[in-house]
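The values are calculated or read from the model by the stated rules, or taken from the named source; none is laboratory data. Just so we're clear, the structure is a prediction, and the values are computed from it rather than from any experiment. Neighbour counts run over all protein chains shown; Cβ positions are idealised from the backbone, glycine included. Note: areas computed on protein heavy atoms with side chains; ligands, DNA, RNA excluded. Shrake-Rupley method; radii C 1.70, N 1.55, O 1.52, S 1.80 Å.
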Amino acid sequence: MYEGKPPWKSRTVDTMGLPASIAREVARLVTLELKTEVKGSARAVYMDKTYQKLLKKLRIYTEYGCAKGGLIFKPYPSLGGIDIQIIQADAFFPISFDNSGKINHCVFLEQFRKGNKIYSRLEIHNLQNNKLSITNRVYLSTNDFSLGSEIWVGMVDRWQDLSQSAVFSDVDRLPFGYFKMPLANTEDSDSPLGVSIYSGDTVGLICEADRRYSQINWEYDAKEAAVHIAQSLLRVNPQTQENEYPEGKDRLYRAFDYNTGAQDKPLLDTFSPDIRDQSYYNGLNHQLRLIEFNCGLAYGTLSDPNNVDKTAEEIRSSKQRSFQMVSDTQGALQDALDDLLYAVDFYCTVYNIAPSGNYEVTYVWDDSIITDKKAVIDENIKLTDASLRSKTTAIMEINRCTEEEALKELERIAREGRIVAQNVDWTDGDDWSRGKGDQDGEEINDTT
């Protein structure tokens, strides 16, 4: 469905591409204006460089996770330090979970073809009693139906530098971050695996929306204006023996062989029936609203925004639903990024890639889906003027920043205020310029 090839696509049923549109929109809202960084030590500085590279494409990766139900951020040591591999849901296979729902046994698949041979590498991560074992097993096959026969990992040039296995002690989680959609698994309620944002009943709704969309397309094709004309009125090309139409008008004319003559049928007839597009569009729009509700999106995200939310309560409820969906997804993504950074720190320690040190991660998520930025500013100004809120808190809420950043901003504002005050010319007709005395001869303090 995400790739535009749903099972119902056929010669008569087109696709609107709704699955990709839904995943893309949710990913956009989730990562909108996200600010996050790692700081606290030399180790943190190194980790942040790797982290920021990932963040540049985080929206794309989040879209894959929304569409397929899950995604893994797996760091690994390389010649350049630490790199991060993005593994989509159809390329990793969780085998078991701990009591908290975290994966403790997982297999990652990597495959490539060379001629008629298929090479498959299974990277197996297993955590038991705080001991992590990572094993590489390679298989060679000549068909798509089996892994084939196991071979030594060093026999394949691409993987010859990999170890067959490694064991690490004092590990409390697998070294990767697993992002899964915060939705109940209606396919298997006992499974802790994530599901697509348009899983369950939404599949049927999207199928019906595609059918209605196809009906609209057919309505326009079937009701396209045409001129029915007798073949006897057309000139026949002597070389091809085909009817010749006015240049560029072959789509407009439809030739018929009227054997009964002009008395029963006119030799020239216009075909231009009314198009019932409004009724079809109303039906499609209603279907899109059902999809929006099932996917936790606000009305108007996919449907016609000019025909939604009749009351203030409906607007609030609709936006609140979208905000809650996005907020939950942001929480799930933040958990995955936390686990990713733990894994990066783990490999930095094991392979002595960066100096030891603690690290701290900060996240600032945007909530503009439900919050009007101008309204937030106005509210904070009023509360600050009434001494009901501190300037620090106001800056934190307006700029979506930490307390430390807000305090720095206040210091900068205070410095700029002092600079401006010291350079203002107070002359207004009296002898009040800076550095001179007042009318009574009293000296003005520059600082004041």
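Some values worked out for this structure:
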item	result
Meets criteria (among the basic types (Lys, Arg) and in contact (Cβ under 8 Å) with a residue 60 or more places away in the chain) for residue 74	yes
From the options 74, 35, 56, 114, residue that is over 18 Å from residue 183 (Cα atoms) and surrounded by 20 or more Cβ atoms within 10 Å (Cβ to Cβ)	74
Residue satisfying all of: in region 78-93; open to solvent by 50 Å² or more (accessible area, probe 1.4 Å) and modelled with pLDDT under 90; nearest to residue 1 (Cα to Cα) among these	90
Residue among 12, 50 that is of a type outside the set (Gly, Ala, Ser), modelled with pLDDT under 90 and either open to solvent by less than 20 Å² (accessible area, probe 1.4 Å) or not in a strand (DSSP E or B) (or both)	12
Residue within region 165-175 that is on the phi > 0 side of the Ramachandran plot and touching a residue at least 40 places away in the same chain (Cβ under 8 Å) present	yes
Meets criteria (modelled with pLDDT of 80 or more and of a type in the set (Gly, Ala, Ser)) for residue 433	no
Filter result for the condition that a residue is small (Gly, Ala, Ser), out of contact with any Asp or Glu (no Cβ under 6 Å at 6 or more places or on another chain), open to solvent by 30 Å² or more (accessible area, probe 1.4 Å) and part of a strand (DSSP E or B), over 100, 96	96
Hits in region 164-182 (condition: out of contact with any helix residue (DSSP H, G or I) (no Cβ under 7 Å at 6 or more places or on another chain) and open to solvent by 60 Å² or more (accessible area, probe 1.4 Å))	165, 167, 169, 170, 172
Failed item in (1) within 27 Å of residue 193 (Cβ to Cβ); (2) within 34 Å of the chain's Cα centre (by Cα); (3) open to solvent by less than 70 Å² (accessible area, probe 1.4 Å), with residue 119 passing the rest	(1)
The lone exception for residue 103 - which of (1) farther than 30 Å from residue 295 by Cα; (2) in contact with a Pro (Cβ under 6 Å, 6 or more places away or on another chain) it fails	(1)
Residue that is modelled with the highest pLDDT, among those in region 309-351 that are open to solvent by 60 Å² or more (accessible area, probe 1.4 Å) and in a loop (DSSP other than H, G, I, E, B)	351
